[in-house]
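Rule-based calculations on the coordinates, nothing more; no lab input. A quick note: this is a predicted structure, and the numbers were derived from the prediction, not measured. Here the Cβ positions follow ideal geometry from the backbone for every residue, glycine too, while neighbour counts run over all protein chains shown.
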Amino acid sequence: MGSATFRRFLKDVHSEQILKPAIKASLSNPDFKDFTIDVDGWDTRQYDGWFHPSTHATWSTRQLYHYLVDGENIEPERPELLFVLAVTQGKFWHTLVQTLLADRGILKVNRTVPATASITDQVEVPLVDKKHNRRGHADGRIAVRDDELFEFKTMSDWKLKKIRTVEDIKKLTPEYYAQTQDYLDMAGVGAMRYLIMSLASPFPMEEIVVPADKAFQAAQRQKYLDAIQAAADQREPASCCAPRSEQARSCPVSTLCPVGRLV
């Protein structure tokens, strides 16, 4: 490595970061073996009745109610060109990063999964919580930490420059924070170690540990239980926005909700 690069590497190590140094070391002196990355066809997730934290963690009780009672009729949002490109490119980087971290022993590998399976299937952690109707998966479990999951995120360079702390994640990407807290709660794990990377050269990275937020998690659990009970009672929860508001116009269940249908 060049001297400046090496100094940054030592700084990462001394700050108790484990993901950034491992990725930088792997890519600065690449010796990884060939592997195949499958590009899945674009497919909108079909309604299955489960709450998925990657989508629903920030939804209100009323939105979750409509999802449960009439989710098959939610109109999927048409993906825009840049979103499709970002998601497809993000899948490539997910696989590459998971492969490099697994090869270095940073991520746990599920030995019950065939070695011929994709690295995603070998390292990702399936999570199911029947009581609160939640289902999802974490990007991995940290092998060198007893109580941490792993999450890889990609984002634009301008946004990444603003994210340095847990509070930044909570403020600038509340959907990520809520998803993370759901996953930590479902797994009974104390923290999520993030690796966030920009997809533009020079591909800057940030590593941030997000601890479990017990109060936030309790509120999430209650929200899900309230929605489940409301659906069982066929009782629509109180409105969560005003008619013709920006929130109403952008609501994912606007076509199902009486408030959202007021144009």
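Here's the picture: charge each Lys and Arg Cβ at +1 and each Asp and Glu Cβ at -1 in the chain, and of 238, 218, 260 the one pushed furthest to the positive end of that dipole is 218.
Of the GluC sites (Glu not before Pro) found in segment 19-90, those in coil by DSSP whose Cβ has at most 15 other Cβ atoms within 10 Å are 77, 80. Taking the charge dipole of the chain about its Cα centre, with +1 at Lys and Arg Cβ atoms and -1 at Asp and Glu Cβ atoms, the residue from 54, 22, 66 reaching farthest to the positive side is 22. Residues of segment 50-66 falling in the label zone of residue 232, defined by backbone nitrogen less than 15 Å from a point 7 Å along Cα to beta-carbon, are 65.
Amide H to amide H distances under 5 Å link residue 140 with 125, 150, where only residues 5 or more positions off or on other chains count and H is placed in the peptide plane. Model label points for residue 28 and residue 168, set 7 angstrom from Cα along the Cα-to-Cβ axis, are 2.1 nm apart. Exposure proxy for 216, 35: other Cβ atoms within 10 Å of each Cβ, ordered fewest to most, give 35, 216. In loop segments of segment 132-227 as defined by DSSP, the trypsin sites (Lys or Arg not before Pro) with at most 12 further C-beta atoms inside 10 Å of their C-beta are 161, 162, 164.
Residues 257, 240, ranked from the fewest to the most other C-beta atoms within 10 Å, line up as 240, 257. With contacts taken as Cα pairs under 8 Å at a separation of at least 6 residues, segment 27-164 carries a relative contact order of 20 percent. The magnitude of the dipole of the chain, with charges of +1 and -1 set on the Cβ of Lys/Arg and Asp/Glu and taken from the Cα centre, is near 640 debye. Exposure proxy ranking for 225, 149, based on other Cβ atoms within 10 angstrom of each Cβ and starting from the fewest, stands as 225, 149. Taking 0.36 nm per residue of separation and subtracting the Cα-Cα distance, full extension of the segment from residue 203 to residue 113 would add 29.2 nm.
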